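The values are calculated or read from the model by the stated rules, or taken from the named source; none is laboratory data. Since we're looking at a predicted model, the values are computed, not measured. Reconstructed Cβ throughout: ideal geometry from the backbone, glycine too, with neighbour counts over all protein chains shown.
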Amino acid sequence: MNNVETITIRRATAGDAERLNAALSELSQTIGDAHEADAGALLRHGFNDVPAFSALIAETDAGDLRGALLCSPVFSTTYGGAGVYVSDLWVSDDARGQGLGRRLLAAATEMAPESWDVRFLKLAVYDDNPRAAAFYDRLGFRDDPRETVLRLAKTDFYRLTDAT
């Protein structure tokens, strides 16, 4: 008898906001990040006329959540086209090792409109997460030694935006 679950990947809808937030909260906890978002923030920013992100849900036929991905468009003059930036990728512990992370990443590129002609995926992985780094390495992701991720947040962000 085959005990492998059938997992379907689909675009998240507004009705998924609570479950999506729960998955992303679990991811944040696992990697030691703060999780300031809530389902309301996901609804406001991701499920409107001009969404700040797109999301995918991976679920069983019974509706049990097994994976989630949050992404947004990015454009690169270096690559001469559009790409997809994956900000969050979560796979439940019981679904790991079944290729679901790879399937979610592939599906993220398929969500983009055909006119984008998506040419690359981009993401960040924490230095203290060697398991994730090894996963991305197996898929062919490579570190760009010329690139350093910088963030401007909270007080410094508001100071900059108030200066305009």
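Can you tell me which residue is surrounded by the fewest Cβ atoms within 10 Å (Cβ to Cβ) among those in the stretch 10-30 that are in contact (Cβ under 8 Å) with a residue 40 or more places away in the chain and in contact with an Asp or Glu (Cβ under 8 Å, 6 or more places away or on another chain)?
Filtering the stretch 10-30 for residues that are in contact (Cβ under 8 Å) with a residue 40 or more places away in the chain and in contact with an Asp or Glu (Cβ under 8 Å, 6 or more places away or on another chain), the one surrounded by the fewest Cβ atoms within 10 Å (Cβ to Cβ) comes out as ARG10.
Looking at GLU110 and the list (1) closer than 28 Å to GLY32 by Cβ; (2) out of contact with any strand residue (DSSP E or B) (no Cβ under 8 Å at 6 or more places or on another chain); (3) not polar (S, T, N, Q), which single condition is not satisfied?
(1)
Keeping to the stretch 62-71, report how many residues are on the phi < 0 side of the Ramachandran plot and surrounded by fewer than 17 Cβ atoms within 10 Å (Cβ to Cβ).
So the answer is 2.
Looking at (1) of a type in the set (A, V, I, L, M, F, W, C); (2) within 20 Å of ARG102 (Cβ to Cβ); (3) assigned to a helix (DSSP H, G or I), which one does PHE141 not meet, given that it meets all the others?
(3)
Might you let me know whether the stretch 86-96 holds any residue that is touching a residue at least 60 places away in the same chain (Cβ under 8 Å) and of a type in the set (Lys, Arg)?
Looking through the stretch 86-96, none of the residues is touching a residue at least 60 places away in the same chain (Cβ under 8 Å) and of a type in the set (Lys, Arg).
Any residue in the stretch 139-149 that is closer than 27 Å to THR6 by Cβ, in contact (Cβ under 8 Å) with a residue 24 or more places away in the chain and under 17 Å from the mean Cα position of the chain (by Cα)?
So far as the stretch 139-149 goes, yes, one or more of its residues are closer than 27 Å to THR6 by Cβ, in contact (Cβ under 8 Å) with a residue 24 or more places away in the chain and under 17 Å from the mean Cα position of the chain (by Cα).
Is it the case that some residue within the stretch 82-97 is buried (at least 18 other Cβ atoms within 10 Å of the Cβ), of a type in the set (Asp, Glu), more than 16 Å from ALA124 (Cβ to Cβ) and modelled with pLDDT of 95 or more?
no
If you scan the stretch 20-52, which residues turn out to be of a type in the set (D, E, K, R) and in a loop (DSSP other than H, G, I, E, B)? It would help to see each step written out before you state the result.
Going through the stretch 20-52, the residues of a type in the set (D, E, K, R) turn out to be 26, 33, 36, 38, 44, 49.
Of everything in the stretch 20-52, those that are of a type in the set (D, E, K, R) and in a loop (DSSP other than H, G, I, E, B) turn out to be ASP33, GLU36, ASP38, ASP49.
Check the stretch 74-86 and report whether any residue there is over 23 Å from VAL4 (Cα atoms), of a type in the set (S, T, N, Q) and within 14 Å of the chain's Cα centre (by Cα).
So the first thing to find is which residues in the stretch 74-86 are over 23 Å from VAL4 (Cα atoms), and the list is 74-86.
Narrowing further to those that are of a type in the set (S, T, N, Q): 76-78.
From the residues that got through so far, the ones that are within 14 Å of the chain's Cα centre (by Cα) too are none.
No, there is no match, as no residue in the stretch 74-86 is over 23 Å from VAL4 (Cα atoms), of a type in the set (S, T, N, Q) and within 14 Å of the chain's Cα centre (by Cα).
Scan VAL4, VAL74 and give me the residue that is surrounded by fewer than 17 Cβ atoms within 10 Å (Cβ to Cβ), over 21 Å from MET111 (Cβ atoms) and among the β-branched types (Val, Ile, Thr). Quick ask: steps written out before the conclusion?
Numbers: VAL74 fails: over 21 Å from MET111 (Cβ atoms).
None of the others qualify; the one that does is VAL4.
Out of the residues in the stretch 31-42 that are more than 17 Å from ASP127 (Cβ to Cβ) and surrounded by fewer than 16 Cβ atoms within 10 Å (Cβ to Cβ), which is farthest from the chain's Cα centre (by Cα)?
Quick first cut of the stretch 31-42, residues more than 17 Å from ASP127 (Cβ to Cβ) only: 34-42.
Still in the running and surrounded by fewer than 16 Cβ atoms within 10 Å (Cβ to Cβ): 34-36, 38, 40-41.
Numbers: ALA34: 16, HIS35: 14, GLU36: 16, ASP38: 16, GLY40: 18, ALA41: 16 Å.
For the stretch 31-42, the residue satisfying everything is GLY40.
Go through (1) acidic (Asp, Glu); (2) surrounded by fewer than 17 Cβ atoms within 10 Å (Cβ to Cβ); (3) farther than 20 Å from ALA124 by Cβ one by one and return the number of the condition GLU59 breaks.
Every listed condition holds for GLU59 apart from (2).
Give the stretch 53-91 a look and list any residue that's in a loop (DSSP other than H, G, I, E, B) and under 14 Å from ALA14 (Cβ atoms), or say none. Don't jump to the end; show me each part of the working.
Taking the stretch 53-91 and keeping what is in a loop (DSSP other than H, G, I, E, B), we get 53, 61-64, 77-80.
Correct list: PHE53 only.
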